[in-house]
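This report refers to the structure that appears directly beneath it.
The numbers here are math on the coordinates, done by the rules we state, and not lab data. This one's a predicted model, so the numbers in the text were calculated from it and none came from an experiment. Neighbour counts are summed over all protein chains in view; Cβ atoms, including those assigned to glycine, are modelled from backbone coordinates with ideal geometry.
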Amino acid sequence: MSGNTFGRLFTLTTFGESHGPALGAIVDGCPPGLELDEARIQADLERRRPGRSRHVTQRREPDRVRILSGVFEGVTTGTPIGLLVENADQRSRDYEKIRDRFRPGHADYTYLHKYGLRDHRGGGRASARETVMRVAAGAIARHYLATRLGVRIRGYLSQLGSITLAAEDLDAVDDNPFFCAEPAKLEMLDAFMTELRRDGDSIGARITVVASGVPVGLGEPVFDKLDADIAHAMMGINAVKGVEIGDGFACIASRGSEFRDELTPDGFVKNASGGTLGGISSGQDIVVSIALKPTSSITRSGRTVDAAGEAVDIRTTGRHDPCVGLRATPIAEAMLALTLMDHWLRHRGQNADVESSAARIPGRADGR
């Protein structure tokens, strides 16, 4: 199976299935000399870990990461970093009733047609359980970007169903199970999710991720635009059906005089383009939002077909997220970190000695 490696110079290759013995990753291209230990990676995994809230899957996974290679005496060696997270709480029997039925909205149907076989236990390789390794690798990229370049990456839940949420206090994001930056709406979110779970249904969500302190010049002007690679990274996350950079689709109803990011000696007036111009980072905040569909693994009965092509009803039991977006913030942050890390190494390799005669124009402090 191809398509398991992300990146060019800073690469991530993952392996493992949702109900297999473990998940693993090889991170290659990390420069030597970066201080790294399991505790630093574990901190990010704790934010994604299942079972932290009654509103997400109750699968109890400790997600303890082990570093198998690439680190010696507390620093990276420049060789491949091997990571492993063992699965501890699989309940494969939950999937026996639907092993020959295609879950609508899942990869079951397409997976079987592509490979001629499938692991019905939680979706196998197509399961969002695989993202645990993306978060682990993203922690390494995030740490390098922060310590070497001063880049800070933070995400938050910006919409749950029809409830829109502002970025009022990003420091509050990790203090609640919703990754919400508008604390005044926490009770509303809790009540909404309680009713949703009672109905046996699911809901979609929007996550926004902001990277501040990104150097000017990352990305290329043609095929390897920074925003194009960010979109590629985000669309590779399970359940993501839309990606928006900056003000995105709002540009449709905007005039050029309104949408353009004007410059002054004091900096950019705003950041409608989300931190890239012509596919190259501008030094402003990188702002990206993703839309995640409602999960199709719900207890409400629906129509489908079985492997023989016969019409059947399906009802998914077991432990599932009624809103996959509630745990997607660390995943989106990780994919942005991996993309920026890869582009930084590519930029450093070709343009490290470039000295521009243009004055550096600062971005707005609020990234807008």
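Assorted remarks:
- Using the average count of surrounding beta-carbon atoms within 10 Å as a protection proxy, the listed peptides 193-203, 252-262 rank, highest first, as 193-203, 252-262.
- Cα-centred dipole magnitude for the chain, charges only on beta-carbon of K, R (+1) and D, E (-1), debye, nearest 20: 1000
- DSSP bridge analysis restricted to the chain gives an antiparallel fraction near 100%, rounded to the nearest 5.
- Averaging the sequence gap over all C-alpha pairs within less than 8 Å and six or more residues apart, then dividing by the number of residues, gives the chain a relative contact order of 21 percent.
- Region 237-274 versus region 1-25: alpha-carbon centroid distance in Å: 33
- Reciprocal of mean inverse Cα separation for the chain (Kirkwood radius, Å): 21.7
- Mean Cβ count within 10 Å, highest first, over the residues of peptides 126-136, 24-34: 126-136, 24-34
- Helix 226-235 axis, angle to the chain major axis (alpha carbon atoms, nearest 10°): 10
- When peptides 306-316, 74-84 are ranked by their average number of other Cβ atoms within 10 Å per residue, the highest-first order is 74-84, 306-316.
- Degrees, to the nearest 10: 131-144 long Cα axis against longest axis of the chain: 20
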